[in-house]
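*Asks:* Once you've had a glance at the structure underneath, I'll fire off some questions.
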Amino acid sequence: MADTRTAETLLEIDGIETCYGLSQVLFGLSLRVHSGEMVALMGRNGMGKTTTIRSIMGLTPARAGTVRFAGQDVRTLPSYKIAQLGIGLVPEGRQIFPNLTVHENLVAASGNRQGARDPWTIDKIHALFPRLAERSNNMGVTLSGGEQQMLAIGRALMTNPKLLILDEATEGLAPLIREEIWSCLSMLKGQGQSVLVIDKNVGNLTRIADRHYMIERGRTVWNGTSDQLIAEPELQHRYLGI
């Protein structure tokens with residue numbers, strides 16, 4: 001588990017408010033992700049989880065509050081600038097390039113702007129997800145949902161991100177594929193990759209993640225460690241509907 005007492009604060013969100021037109025979704029939401037830490041963002045559908053990710057990435061900019069990444073205020077930056085600072089996004093719905101091959105999807109995103117000492121390569125992605133090696137020349141549109149999610153993760157890793165963000169990491173996937181994704185995330189965490197993950201699988205999240213934030217109607221209502229969440233099962237009933 002990452003020691004948050006000494007670890008660098010990588011992502012810092014304070015009091016953000018985000019709207020879609022006249023409809024406000026986030027009301028002063030705050031959270032932190034430290035270097036080398038895996039943090040889970042949890043809540044029922046429609047509570048603002050994806051909007052939080054979109055606010056971090058500048059896709060739906062927050063109208064108020066602070067979003068800082070690696071010490072830089074990024075709230076007003078365009079999305080591509082934020083990504084270039086070292087955030088790799090695995091979006092809800094995967095959003096791979098359907099008319100490119102698996103290999104082309106990976107190459108299109110490759111880069112090492114942060115100067116990683118041991119950067120991700122095609123071979124390393126193939127070792128992480130052997131199925132992608134088998135499908136290397138297949139068009140993205142021909143992949144199964146699970147294969148597309150592997151490709152979306154591989155594509156994000158090829159940017160060599162300081163922070164990997166996954167929105168609905170295993171939603172809609174077959175059980176065996178889900179376990180493969182969780183094994184991948186556990187391995188990445190073991191390698192020191194900072195991760196912010198949205199998912200509904202509390203069991204796997206409490207097994208892998210260091211800390212958790214629960215949001216309700218666009219506000220942070222609880223945060224704590226996996227041990228604290230396990231010790232308070234009523235929180236899951238109250239905020240997750242489990």
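The values are calculated or read from the model by the stated rules, or taken from the named source; none is laboratory data. Because the structure is predicted, anything quoted here is derived from the model rather than measured. So basically every Cβ, Gly included, is an ideal-geometry build from the backbone, and we count neighbours across all protein chains shown.
*Asks:* Inspect all residues belonging to the range 14-22 and state whether any of them is surrounded by 16 or more Cβ atoms within 10 Å (Cβ to Cβ), over 18 Å from the mean Cα position of the chain (by Cα), modelled with pLDDT of 95 or more and among the polar types (S, T, N, Q).
*Replies:* Yes: one or more hits.
*Asks:* Now, a different point. Being closer than 17 Å to Q114 by Cβ and surrounded by fewer than 20 Cβ atoms within 10 Å (Cβ to Cβ) is the filter here; which residues of the range 58-88 pass it? Explain how you work it out, then say what you get.
*Replies:* Filtering the range 58-88 down to residues closer than 17 Å to Q114 by Cβ leaves 68-72, 74, 77, 80-88.
Across the range 58-88, the qualifying residues are R68, A70, G71, Q72, L77, Y80, K81, Q84, L85, G86.
*Asks:* Are any residues in the range 166-198 assigned to a helix (DSSP H, G or I), touching a strand residue (DSSP E or B) at 6+ places or on another chain (Cβ under 9 Å) and β-branched (V, I, T), and if so, which ones?
*Replies:* I181
*Asks:* Condition first: in contact with a strand residue (DSSP E or B) (Cβ under 8 Å, 6 or more places away or on another chain), under 26 Å from T18 (Cα atoms) and crowded, with 20+ Cβ neighbours inside 10 Å. Can you find one or more residues in the range 226-233 that meet it?
*Replies:* Scanning the range 226-233, I find no residue that is in contact with a strand residue (DSSP E or B) (Cβ under 8 Å, 6 or more places away or on another chain), under 26 Å from T18 (Cα atoms) and crowded, with 20+ Cβ neighbours inside 10 Å, so the answer is no.
*Asks:* Next question, about the same structure. Just give me the residues in the range 117-135 being surrounded by fewer than 14 Cβ atoms within 10 Å (Cβ to Cβ) and among the aliphatic types (A, V, I, L, M), in sequence order.
*Replies:* A127
*Asks:* Those residues that are among the hydroxyl-bearing types (S, T, Y) and in contact with a helix residue (DSSP H, G or I) (Cβ under 7 Å, 6 or more places away or on another chain), I need them from the range 205-236; list them, please.
*Replies:* Start the filter on the range 205-236 by keeping residues that are among the hydroxyl-bearing types (S, T, Y), which leaves 206, 213, 220, 225-226.
Across the range 205-236, the qualifying residues are T206, S226.
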